[in-house]
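Here's the structure, in structure tokens; my notes come after.
The values are calculated or read from the model by the stated rules, or taken from the named source; none is laboratory data. Note that the coordinates shown come from a computational prediction; the quantities given were computed from them, not determined experimentally. When we count neighbours, we look across all protein chains shown, and the Cβ atoms used for this are built from the backbone with ideal geometry, even at glycine. The protein model used for the area step is the full one, side chains on, heavy atoms only, and it has no ligands, DNA or RNA in it. Shrake-Rupley method; radii C 1.70, N 1.55, O 1.52, S 1.80 Å.
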Amino acid sequence: MGCGFRQENFKKFIGKNRLRGKSDLIAGILGLEPGPWSFLNQLGVVGEGKFSYCFEVFKYDIEGSNTYLRFGADATIGGASQQVRTTLIVVPQFLSRQCYLKLEDISVGRKRINFPGGTFELKSREGGAIIDTGTTISMIYKDHLDRVADFVKAHFKDLGVEYIGAQESLDVCLRLPGRFDIHNYPSITLHFQQAVTLFQIIKQIL
């Protein structure tokens, strides 16, 4: 756990309030890993080994938050009238600082890739799917990435968009027309155990 009063290194990535004479909203870093030094585990029986947090839409001009990080008995999401889907965190047989989830498949737009069962399974100390809320990009093994990329390229090809290959650090780049409807970007859907899905919109396309 680390905190501070002036978080200058975040100004290029999270918010611009400090540049407008307002207080920084980043208080520091809080570790919720499965390891013994995790803040969650240091709460002991009070924390009940669980926490909950609702993600907000990323905004550069954010001036406050309406969500809370909750622990223990208070770590509930949704009310009696809300349907909330959950997926289990996979606890590895080895000491790890990562939070693993059981990823079953990936879709691009409305097309499911249909990866073979067990493709993303955690085997010994390899494979598996890690969720890290502090990471701004998604990373995947090259072979799996190529299959996802093929679906992305096929999606834009159907729209008449030219694929121009890799550019700098980006693997899949396209030449978009002057006016391109953002609704034509395909969503990437991650399918987790118990029919839980997570959507990610493709943005890093030229």
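Quick rundown of the values:
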quantity	calculated
One residue from T87, T76 being open to solvent by 40 Å² or more (accessible area, probe 1.4 Å) and hydroxyl-bearing (S, T, Y)	T76
Among the residues listed as D150, D158, D132, D143, the single one being touching a residue at least 12 places away in the same chain (Cβ under 8 Å), among the acidic types (D, E) and closer than 21 Å to T189 by Cβ	D132
Count of residues meeting criterion [within 23 Å of the chain's Cα centre (by Cα) and exposed (fewer than 14 other Cβ atoms within 10 Å of the Cβ)] in region 31-52	1
Selection from region 106-123 of residues that are touching a Gly at 6+ places or on another chain (Cβ under 9 Å) and charged (D, E, K, R)	E121
Any hit, region 117-131, residues being at pLDDT below 80, in contact with a strand residue (DSSP E or B) (Cβ under 7 Å, 6 or more places away or on another chain) and either open to solvent by less than 50 Å² (accessible area, probe 1.4 Å) or not acidic (D, E) (or both)	no
Any hit, region 106-113, residues being within 19 Å of the chain's Cα centre (by Cα), modelled with pLDDT under 95 and more than 20 Å from V172 (Cβ to Cβ)	no
Complete set of residues in region 137-175 that are outside any strand (DSSP E or B), β-branched (V, I, T) and open to solvent by less than 70 Å² (accessible area, probe 1.4 Å)	I140, V148, V152, V161
Residue in region 58-76 that is aliphatic (A, V, I, L, M) and either under 23 Å from P186 (Cβ atoms) or assigned to a helix (DSSP H, G or I) (or both) present	yes
